[in-house]
Amino acid sequence: MRPWVPLGRAPIPGTQRGGEADAVSGPAELLLWRRGDEFSIRISGYVSELMNSRQHGSEEALADYACPLVAGRAGAQVLVGGLGMGFTLAAALRNVGPDATVTVAELVPEVVDWNRGPLGEVAGHPLNDPRTRVHVGDVAELLRAQTGTFDAVLLDVDNGPEGMTSEGNDWLYAPAGLATIRAALRTGGVLAVWSVEAVPRFTTALNRAGFTVTVRTARARGDRGAKHTIWLARKA
């Protein structure tokens with residue numbers, strides 16, 4: 001079997017190390033690895049992968065479930081929180097019209113560079129699509145600055161409501177963050193949230209924030225692999 005080859009590393013803003021295998025103080029890092037045509041992104045101090053290029057079914061499902069609900073709108077505006085390996089962005093672009101705009105917000109600049117370089121091939125180079133806009137920074141910045149702008153907001157940030165890298169991401173899933181997201185959506189807009197696991201209390205939080213909620217699941221790899229949770233929350 002081919003060995004894993006390191007391709008890059010990048011500090012994650014607003015984080016500290018201290019995971020499963022690393023007690024060193026300082027910012028946590030994203031680590032990009034390659035083995036043949038397979039890519040892996042990991043977090044320093046954790047044994048498990050954050051994402052793998054061969055297991056992306058649920059990341060695509062995030063957009064496949066949400067975007068058709070608003071795809072018929074002229075000039076649809078979609079916001080994707082978290083670029084990752086580009087699979088959610090690519091799926092969003094497949095599900096919206098030629099006049100749509102899909103903005104992707106990515107906190108770590110190096111992840112954007114990786115997607116413009118060696119990672120781009122795995123998702124079909126969605127950053128090259130003319131409908132794509134890139135915001136390098138916190139998705140919360142965009143959400144706070146907008147009112148009634150987006151038809152869909154897709155969040156794949158820090159493994160979902162039970163995050164592992166940055167306490168700052170908790171705001172997105174707290175009442176203040178959900179209220180801000182709801183305000184940033186147009187009437188009838190959709191918030192879709194990916195999570196590595198089911199979190200029943202988050203369903204309750206979405207209802208309390210004024211959303212109509214459907215909870216779905218998707219496999220990481222076709223009909224196999226881990227089962228992940230996706231919330232679809234509609235603004236009435």
Task: Test: residue in region 196-218 that is among the acidic types (Asp, Glu), without any contact (Cβ under 8 Å) to a residue 60 or more places away in the chain, touching an Asp or Glu at 6+ places or on another chain (Cβ under 7 Å) and surrounded by fewer than 21 Cβ atoms within 10 Å (Cβ to Cβ) - done: yes
- [ ] Could you please let me know if Asn159 is outside any helix (DSSP H, G or I), within 16 Å of the chain's Cα centre (by Cα) and over 29 Å from Gly97 (Cβ atoms)?
- [x] yes
Task: Breaking point among (1) at negative phi; (2) part of a loop (DSSP other than H, G, I, E, B); (3) touching a residue at least 60 places away in the same chain (Cβ under 8 Å), for Gly84 - done: (1)
Task: Hits in region 95-142 (condition: of a type in the set (D, E, K, R) and assigned to a helix (DSSP H, G or I)) - done: Glu110, Asp113, Arg116, Glu121, Glu141
- [ ] Please work out if Asp129 is within 22 Å of Ala184 (Cα to Cα), modelled with pLDDT of 95 or more and open to solvent by 10 Å² or more (accessible area, probe 1.4 Å).
- [x] no
Open item on the list: Looking at Thr203, Thr187, Thr180, Thr165 in this structure, which one is over 18 Å from Ala63 (Cα atoms), of a type in the set (Val, Ile, Thr) and at pLDDT below 90?
Closed with: Thr165
Task: region 222-236, residues that are surrounded by 16 or more Cβ atoms within 10 Å (Cβ to Cβ) and closer than 28 Å to Ile181 by Cα - done: His228, Thr229, Ile230, Trp231, Leu232, Ala233, Arg234, Lys235
Task: Answer from Ser40, Ser44, Ser25 - the residue that is at pLDDT 95 or above and either of a type outside the set (Val, Ile, Thr) or open to solvent by 70 Å² or more (accessible area, probe 1.4 Å) (or both) - done: Ser40
Open item on the list: Filter region 103-122 down to the residues that are open to solvent by 20 Å² or more (accessible area, probe 1.4 Å) and over 23 Å from Ala184 (Cα atoms) and list them by number.
Closed with: Pro109, Glu110, Asp113, Trp114, Arg116, Gly117, Pro118, Glu121, Val122
Task: The one condition in (1) farther than 20 Å from Glu59 by Cβ; (2) open to solvent by less than 10 Å² (accessible area, probe 1.4 Å); (3) over 17 Å from the mean Cα position of the chain (by Cα) that Ala100 fails to fulfil - done: (1)
- [ ] Just need a number here: residues in region 59-73 that are modelled with pLDDT of 95 or more and small (Gly, Ala, Ser).
- [x] 3
Open item on the list: Suppose the filter is in contact with an Asp or Glu (Cβ under 6 Å, 6 or more places away or on another chain) and surrounded by 15 or more Cβ atoms within 10 Å (Cβ to Cβ); does Asn159 pass it?
Closed with: no
TODO: Output the residue which, of all residues in region 109-156 that are charged (D, E, K, R) and closer than 21 Å to Ala61 by Cβ, is nearest to the chain's Cα centre (by Cα).
DONE: Asp156
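The values are calculated or read from the model by the stated rules, or taken from the named source; none is laboratory data. Since we're looking at a predicted model, the values are computed, not measured. As a convention, Cβ positions derive from the backbone with ideal geometry for all residues, glycine included, and neighbour counts pool all protein chains shown. Surface accessibility is based on the protein's heavy atoms, side chains included, excluding ligands, DNA and RNA. Shrake-Rupley method; radii C 1.70, N 1.55, O 1.52, S 1.80 Å.
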